[in-house]
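The values are calculated or read from the model by the stated rules, or taken from the named source; none is laboratory data. Every value quoted in this text rests on a predicted model; they were computed, and no experiment measured them. Virtual Cβ from ideal backbone geometry, glycine too; neighbours counted across all protein chains shown. We work out accessible area using only protein heavy atoms, side chains counted, and drop any ligands, DNA or RNA first. Shrake-Rupley method; radii C 1.70, N 1.55, O 1.52, S 1.80 Å.
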Amino acid sequence: MAKEFHTRDGKLYCEDVAAEALVAAHGTPLYVYSRAAILERYREFDGAFAPLDRLIAYSVKANGNLSLLRLLARGGAGADIVSGGELHRACLAGVPPERIVFSGVGKTVAELAAALEAGIYGFNVESEGELRALAELGAALGKPAPVALRINPDIESPTPHHYTRTGHLTTKFGIPSEDALRLYELAASTPGLRVRGIDVHIGSQILEVEPYRQALLHVLVLVDELRARGIALEYLDLGGGFGVSYDDGGAAPVAADFAEALVPHLAVSGLKLVLEPGRYLVASAGLLLTRVLYVKEMGGKRFVITDAGMNDLLRPSHYAGYHHVEPVQRHGGRPVVRSDVVGPICETGDFLALDRALEAAREGELLAIRTVGAYGFSMASTYNARPRPAEVLVEGGSVRLIRRRETYDDLIRGEAELLD
Ligand code: LLP
């Protein structure tokens with residue numbers, strides 16, 4: 001977990017600001033990010049691949065807050081986008097279009113056109129239909145679309161939940177290798193297209209290096225076959241998915257481990273490397289502060305009911321994701337009690353932690369949920385008509401509100417004016 005979150009005199013801090021002070025100013029639930037932690041992760045990741053010509057395209061879906069995107073863009077990152085909305089965010093935040101790659105199985109023609117007009121670096125194409133749509137657009141706009149085919153390598157991608165495995169032919173992702181040569185030849189001979197790269201992404205929260213090496217070797221065979229047919233590529237995109245430690249077990253590989261296994265093969269290929277890390281850069285840089293509303297005991301269980309729920313942080317209920325929970329103020333000497341930390345949403349599936357050994361929490365006190373910088377706010381919803389939380393960015397002793405808390409008016413915007 002990021003060292004920028006630490007305890008001083010029994011109180012939790014983000015950099016030099018007490019979590020309690022953040023809550024006093026901004027309320028709960030509150031997403032808190034450490035600027036230093038994000039930049040450090042980015043520099044570490046980018047630095048590990050420094051021997052190569054590279055583009056670190058931050059995966060916007062992990063956390064698309066404009067201020068975080070701007071921070072990473074100023075640090076040199078590009079963006080991996082999956083929608084017109086993410087293109088809009090990335091451009092607004094100042095990510096140069098030539099550092100943007102566009103992934104996803106279901107890009108609409110309008111989204112493809114917007115990205116082509118913006119002048120992005122590459123489209124990671126996932127079907128023959130998408131390739132043909134791009135060819136038409138490229139011809140119509142007089143601007144050949146830069147394409148890479150996303151190859152489905154059909155390999156094992158060990159992730160904690162099957163929802164985040166994408167490297168098998170039984171998932172919806174990518175193009176089977178046996179179709180790749182035919183489609184590359186089609187692309188190379190189509191005026192509206194410009195063959196630029198090759199892409200593979202095998203899943204998310206991967207804690208092993210070997211699947212990446214396998215995926216890389218798999219696409220390098222195709223690169224050679226293409227070269228033999230006179231089709232030269234400029235970049236190889238190995239996707240994202242680099243895992244992080246959620247329980248502080250220290251088992252997660254670091255960027256240098258991935259680089260050690262991959263760089264030698266890539267250096268020989270002479271291709272520019274594109275990577276699409278999301279979680280790796282921002283997960284540990286974020287926490288969620290929430291207040292205990294009530295504590296009750298029932299059916300032999302202790303329920304700690306917080307003002308954050310599954311609409312604010314979906315990962316525990318959707319993926320059985322583990323997030324460390326701790327009191328913001330340590331009292332010492334309190335008993336540790338097994339508790340379910342649950343939200344206010346009207347579903348039994350609404351929980352942040354189940355059967356967790358916790359310092360006995362009291363009503364009114366604050367808890368911190370760790371490692372939520374990725375897929376926390378970005379998956380938040382307004383379910384149960386709950387305004388989404390505020391987000392703050394801490395830099396040393398200063399705090400910046402980077403997204404104000406939603407209001408009830410925000411919730412009904414788009415409806416109220418249509419009442420009859
Ligand atoms: N590139 C592509 C094509 C992707 O589909 C993804 C994630 C990434 C890059 C970034 O993956 P990362 O480096 O962040 O693992 N909501 C889930 C994760 C879904 C990932 C979807 N695709 C979760 O909370 O675990």
message: I need to check one value: relative contact order of region 290-420, counting alpha carbon pairs closer than 8 Å and at least 6 residues apart, in percent.
response: 25
task: May I ask you to compute the full-extension gain from residue 268 to residue 117, defined as 0.36 nm times their residue separation minus their alpha-carbon distance, rounded to one decimal in nm?
output: 51.0 nm
Accessible surface of residue 105 - all protein chains present, 1.4 Å probe, nearest 10 Å²: 60
Extension reserve of the residue 318-residue 355 stretch, reckoned as 0.36 nm per residue once the Cα distance is removed: 11.6 nm
message: Can you tell me, using C-alpha contacts under 8 Å and at least 6 residues apart, the relative contact order of the chain as a whole percent?
response: 20
- line: tail above 36 Å in the computed P(r) of the chain, as % of all Cα-Cα pairs, reads 30
query: Once fully extended, how much extra length lies between residue 347 and residue 6, figured as 0.36 nm per residue of separation less the alpha-carbon to alpha-carbon distance?
result: 119.4 nm
task: With no solvent and one equal point scatterer placed on each C-alpha of region 129-217, evaluate the Debye formula and give log10 I(q)/I(0) for q = 0.11, 0.26 Å⁻¹, two decimals.
output: -0.37, -1.18
- request: Can you send over the solvent-accessible area of residue 231, 1.4 Å probe, protein chains only, in Å² to the nearest 10?
  value: 20
- request: Using Cα centres only, tell me the gap between region 385-407 and region 110-135 in whole Å.
  value: 34
task: Sort the following peptides by mean Cβ neighbour count (other Cβ atoms within 10 Å, averaged over residues), highest first: 349-357, 279-287.
output: 279-287, 349-357
message: Using amide H atoms built in the peptide plane, which far-off residues or other-chain residues are under 5 Å from residue 365 H to H?
response: 292
- prompt: Counting alpha carbon pairs within less than 8 Å and at least 6 residues apart, what relative contact order, in whole percent, applies to region 104-275?
  reply: 21
Residue-normalised accessible area of the chain, expressed per residue, 1.4 Å probe, Å²: 41
- request: Tell me which residues come under 5 Å, amide H to amide H, from residue 234 once H is placed; ignore anything under 5 positions away on its chain.
  value: 197
Hull volume in cubic angstrom per residue (convex hull over the Cα atoms of region 1-45): 82
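Ordering 3, 272, 143 from largest to smallest accessible area (1.4 angstrom probe), what's the sequence?
The most accessible residue leads, giving 3, 143, 272.
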- line: Where a ≥ b ≥ c are root eigenvalues of the Cα gyration tensor, a/c under 1.5 meaning rounded, otherwise prolate if a/b exceeds b/c and oblate otherwise, region 1-87 counts as oblate
Whole-Å distance, taken between Cα centres, linking region 1-72 and region 282-348: 21
query: Accessible area, 1.4 Å probe, largest first: how do 173, 123 sort?
result: 173, 123
Burial order of peptide ranges 254-260, 222-228, 129-135 (average beta-carbon count within 10 Å, highest first): 129-135, 254-260, 222-228
- prompt: If amide H atoms are built 1.01 Å from N in the plane of the peptide, which residues on other chains or at least 5 residues away come under 5 Å of the amide H of residue 193?
  reply: 145
message: Using a 7 Å offset from the Cα along the Cα-to-Cβ direction at both residue 156 and residue 225, what is the distance between the two label points in nm, to one decimal?
response: 2.4
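Return the FRET efficiency for the residue pair residue 18, residue 128: r is the Cβ-Cβ distance, R0 is 56 Å, and the value is rounded to the nearest 0.05.
Efficiency, rounded to the nearest 0.05: 0.50.
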message: For a quick check, take a GNM of the chain with Cα springs below 10 Å and name the residue from 236, 116, 92 with the largest mean-square fluctuation.
response: 92
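Within the chain, what percent of beta bridges assigned by DSSP are antiparallel, to the nearest 5? Intermediate values should be presented prior to the final figure.
Details: 36 of 73 bridges.
Antiparallel: roughly 50 percent of the beta bridges in the chain.
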task: Given a cut-off of 25 Å, name the pairs among 61/172; 11/61; 61/107; 3/301; 61/143 whose C-alpha atoms lie farther apart than that in the structure shown.
output: 11/61; 3/301; 61/143
field: Mean projected area (nm²) of the alpha-carbon convex hull when region 104-275 is viewed from all directions
entry: 10.1
- request: State the percentage of accessible surface on the chain attributable to carbon and sulfur atoms; use a 1.4 Å probe and exclude ligands, DNA and RNA.
  value: 53
